[in-house]
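The values are calculated or read from the model by the stated rules, or taken from the named source; none is laboratory data. The structure displayed is predicted, hence computed values, not measured ones. When we count neighbours, we look across all protein chains shown, and the Cβ atoms used for this are built from the backbone with ideal geometry, even at glycine.
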Amino acid sequence: MKMKLIAGVAASLALLAAAPLQAQAQVKTVKIGAIYPLSGALASTGAEIKAAVELAVDIVNNPHPELEGIPLAAGAGLPALGGAKIEVVFGDSQGKPEVGLADAQRLIDQEKVVALTGAYQSAVTKTASRIAEQRGIPYLNGESSSPDLTERGYKWFFRTSPNDDTFVENMMQFLDGIKGTPTGKIAVVYENTDFGVNTYKAVEKFAKQYKREVVANIAYSAGSASVTAEVQKLAAAKADVAIFASYTSDAMLFVRTMRESKYAPPVLLANDAGFIDSRFVQEVGPQVQGVLTRDVWGNDVAAAKAGLKKINDMYKAKTGKDLNGNNARSMQGVLVLADAINRAGSTDPEAIRKALAATDLGEAQVAMPWAGVKFDDKGQNTKGSGLILELKGTSYQTVWPEKYRTDKTLPTLPFSWK
C-alpha cells in the first residue's frame, strides 16, 4: 500500500511539474497590444492603420498560400505554438502621449499582452515604449520616424520603418536631380512635437551636407485653429523648397491657408504623415496636384510586384482604399512581430525579444518595397528605404528612385494651385 501511495504521489507531482509546459503547448491565442489614435484629430489615420493591422492578423491566422515567401502566410496561426492565433487588443491614444502611456500600462497589466506595437505619432510612441521598457515587454514600432526613438539605449524597442534621417537624406538626393527649378533655399514648417522637431533637425543636418541653406524655421502647435501667421512667415522667406512635417488636420489647414493667401512654394515637399492620409487626398487633393511627399509605399510600385499587389488588393477589398505609407508600415510591423513570436516558440517576453533581435528577412519575405528587415544593436531596421511620390489625380505616383518611376512626365514643377 505504501509503495502504491508513494507512486501515486510521484505521478501527481510529475503531472504538476509538466502542467506549465502543457499550458504553453496548448496556448490558443497570443495577445498583442496595439496603440493608435482611433479618435480625435487623427482618427481617420488611426482607422486605416487599424484595418491594416487586422489584415496582418488575417495573413497570419488564416491560410494565404498566394502570398508566397511571407513568413506564416501559407499556414494558419503560429506553428511553433501549436497553431495558436494572434489576437490584437487595441488601445486608443486619442493622439495624446499621456493617454498612450496609460494604454500601455492597461494592455500590459490587465490584458496581459506579450508585446506592444504602435503608436504612429512619435511623441506617443515615446511614452508608450517607455512603459514597455520598464516592464520588460517587447515593443515593435512600425511607423514612427523620429530618430531619437532608437537613441535611448533601450533593450526592448525595435523599429521596422526607416527614420527621418533616412527620409530627409532621400529628399536631398531627390532635390539634387531636379533640373530647371532652384532647390538651394529650404523652409521647414513643422508641428512642435517629436515628429516635427526631429524632422527639422534632420533637414538642418542634411541641408548642410548637400550644400543647401535653411532660410526659415517655422514651428507651430499641432491642432492650431489658424496658421495664417506661419504662412506669412513662409511666404516672406522666399524659399525654393517648403518641407512640411504635419499631421492630417494641420496639413489640410496649411493647404487652404496658402491657397487663400495666393502663395505657393516652387517645391512643396511633405514628410509623409497627414499629406498621404486618404482624407487629405479626398478633401484637398484636387487643389494640390503636384505636391510631393516622401513615403515607403507606392501603389505603382506595388502594382509591379506580384506579392505587394496581392496584399494591396486584400486591403482594398476590406476597406475600399489602397494601402499607403502610414498603414502599410503598421501591417509590416505586426507581421515581423508575429514571425518573431513564432520563432521564439514561446510567449515569454525575453524569448520574443531575442527572436526580434535575431530577425533577418530578405526582400521576398516582407510586404514592403524594402531589401528586408534586420535590426542593428539599437533596434533600428537597416534594410528599410524611402520613396518620393507626387500626387497625380486621386493617387500618388513614384518619382524617385528612378528605377521605380513609371510616369516620365513627373515631377511637375514648379508647384502651383489648381
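Here are the numbers:
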read-out	value
Inter-residue pairs, beta-carbon under 9 Å, first touching a residue at least 24 places away in the same chain (Cβ under 8 Å) and in segment 175-192, second basic (K, R) and surrounded by fewer than 14 Cβ atoms within 10 Å (Cβ to Cβ), 6+ apart	G184/K211; K185/K238; A187/K238
Flag if G83 is surrounded by 22 or more Cβ atoms within 10 Å (Cβ to Cβ), modelled with pLDDT of 95 or more, on the phi > 0 side of the Ramachandran plot and not aliphatic (A, V, I, L, M)	no
Residues satisfying the stated conditions in segment 197-255, i.e. surrounded by 24 or more Cβ atoms within 10 Å (Cβ to Cβ) and acidic (D, E)	D250
Residue tally, condition part of a helix (DSSP H, G or I) and either small (G, A, S) or in contact with a Lys or Arg (Cβ under 9 Å, 6 or more places away or on another chain) (or both), over segment 267-298	7
Qualifying residue in segment 60-74 (condition: within 17 Å of Y120 (Cα to Cα), touching a Leu at 6+ places or on another chain (Cβ under 9 Å) and either assigned to a helix (DSSP H, G or I) or at pLDDT below 95 (or both))	no
Selection from segment 148-164 of residues that are crowded, with 22+ Cβ neighbours inside 10 Å and part of a helix (DSSP H, G or I)	L149, D164
Residue ID - surrounded by the fewest Cβ atoms within 10 Å (Cβ to Cβ), chosen from residues in segment 25-44 that are touching a residue at least 60 places away in the same chain (Cβ under 8 Å), within 19 Å of L116 (Cα to Cα) and not aliphatic (A, V, I, L, M)	K31
Segment 394-418, residues that are charged (D, E, K, R) and either surrounded by 22 or more Cβ atoms within 10 Å (Cβ to Cβ) or part of a loop (DSSP other than H, G, I, E, B) (or both)	R405, D407, K408, K418
In segment 360-393, the residues that are among the polar types (S, T, N, Q), touching a Ser or Thr at 6+ places or on another chain (Cβ under 9 Å) and either without any contact (Cβ under 8 Å) to a residue 60 or more places away in the chain or not in a loop (DSSP other than H, G, I, E, B) (or both)	Q380, N381
Every residue from segment 323-346 that is of a type in the set (A, V, I, L, M, F, W, C) and either assigned to a helix (DSSP H, G or I) or surrounded by fewer than 24 Cβ atoms within 10 Å (Cβ to Cβ) (or both)	A328, M331, V334, L335, V336, L337, A338, A340, I341, A344
Test: residue in segment 398-406 that is farther than 24 Å from F157 by Cα and among the polar types (S, T, N, Q)	yes
